[in-house]
Amino acid sequence: VIIIDGLDKVERRPLDDGASNTHDRLFIDRSRQLCSLGVHTVFTVPISLYYSTRAAQLEQALGEFNRPIPMIRLHEREDPEVSPESPGMQALVEILKRRCDSADVTLADVFDSDATRDLLCQMTGGHPRHLLAYVQAACSYLDELPITRAAVDQAVRDYANSLLRQIPDEYWQPLQRFSTPQTDFPTDEAHQEMLFHLHVFEYMNHAPWYEVNPVLRTLEKFNAS
């Protein structure tokens, strides 16, 4: 088995022919090459490609074994309250615990309180990569452990500011719709970009649902849209 990871991070850019982009070219137009290896192969594919007009071609090209990997669900669709006892929050805490175990420290050593730890988990929206990125970013503001609430707030603020610079003006109003969970997701190019750049997260609970990256809620521009 060969696992080719990281292809989900390939930037979606238009190509010189004007008729395709980097996602279409790699995963659909070049699918024969991707599938020609004489072994079992696992690829990571940008989630936005599943919401493009060529999604059906993607399934035909790569086969029926397509498995979207959603965010870890921190709350139920019908109940926006995030409880520290929810299965999703416990899963994120377990990820942190295992990293701490490998470093021969405890969660109590790493965080100044459970509340600080839970805030960091909640602000990830259930995205494991963001979980570890926030830990690393918070540590950069400290000379020693534990991670404080102020350090977590600064790590989140840094990411929020990067989103503020990154998101086009015309996206803010459509993003406001996802301040509450939505069960349908438009397939136009702008919404594909929102998924790819993690402005909106996809969750699974029998039927999929979509919600804004929680960090956007900390921005005045989002709340004023």
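Take the Cα of THR187, step 7 Å toward its Cβ, do the same at GLU76, and the gap between the two points is 3.2 nm.
Global size of the chain: 19.1, 56 Å for Rg and Dmax (C-alpha atoms, Rg to one decimal, Dmax whole). Summing charges over neighbours of THR218, with a neighbour being any other residue whose Cβ is under 13 Å away from its Cβ, gives 0 when K and R count +1 and D and E count -1. Counting Cα-Cα pairs of region 1-134 in 10 Å increments starting at 0 gives whole-percent bin shares of 10, 31, 24, 23, 11, 1. Extension gain for ASN161-GLU85 works out to 24.4 nm (0.36 nm per residue, less the C-alpha to C-alpha distance). The spacing between region 155-185 and region 1-61, judged by their C-alpha centroids, is 26 Å. Considering only the Cα atoms of region 77-192, their convex hull presents on average a projected area of 8.5 nm². Bridges between two residues of the chain, per DSSP, are antiparallel at a rate of about 70%.
Over all alpha-carbon pairs of region 130-225, lay out the pair-distance distribution in 5 Å bins, whole %, shortest bin first. Pairs per bin, as whole percents: 2, 12, 22, 21, 16, 13, 8, 4, 1, 0. Counting 0.36 nm for each residue step from ASP109 to LYS221 and taking away their Cα separation leaves a gain of 36.7 nm.
If you filter region 60-135 for GluC sites (Glu not before Pro), then keep DSSP loop positions with at most 11 other Cβ within 10 Å, what is left? Filter output for region 60-135: GLU64, GLU78, GLU81, GLU85. Working from label points 7 Å from Cα in the Cα-to-Cβ sense, the ARG177 to THR148 distance is 4.3 nm. Over all distinct alpha-carbon pairs, what is the Kirkwood Rh of region 163-209 in angstrom? For region 163-209, inverting the mean 1/r across all distinct Cα pairs yields 11.3 Å. Counting Lys and Arg as +1 and Asp and Glu as -1, what is the net charge of the other residues whose Cβ lies under 13 Å from the Cβ of ALA103? Within the 13 Å Cβ shell, the charges total 0. The figure for THR148 is an accessible area of roughly 40 square angstrom, using a 1.4 Å probe on the protein chains alone. Amide H contacts of PHE111: ILE147, each under 5 Å away and 5 or more positions distant or on a separate chain (H built 1.01 Å from N in the peptide plane; Pro and chain starts excluded).
The values are calculated or read from the model by the stated rules, or taken from the named source; none is laboratory data. What you see is a predicted model, and the numbers here were worked out from it, not measured in a lab. No Cβ is skipped: glycine too gets one built from the backbone with ideal geometry, and neighbour counts run over all protein chains shown. Accessible surface is based on the protein model in full, side chains and every heavy atom, while ligands, DNA and RNA are left aside. Shrake-Rupley method; radii C 1.70, N 1.55, O 1.52, S 1.80 Å.
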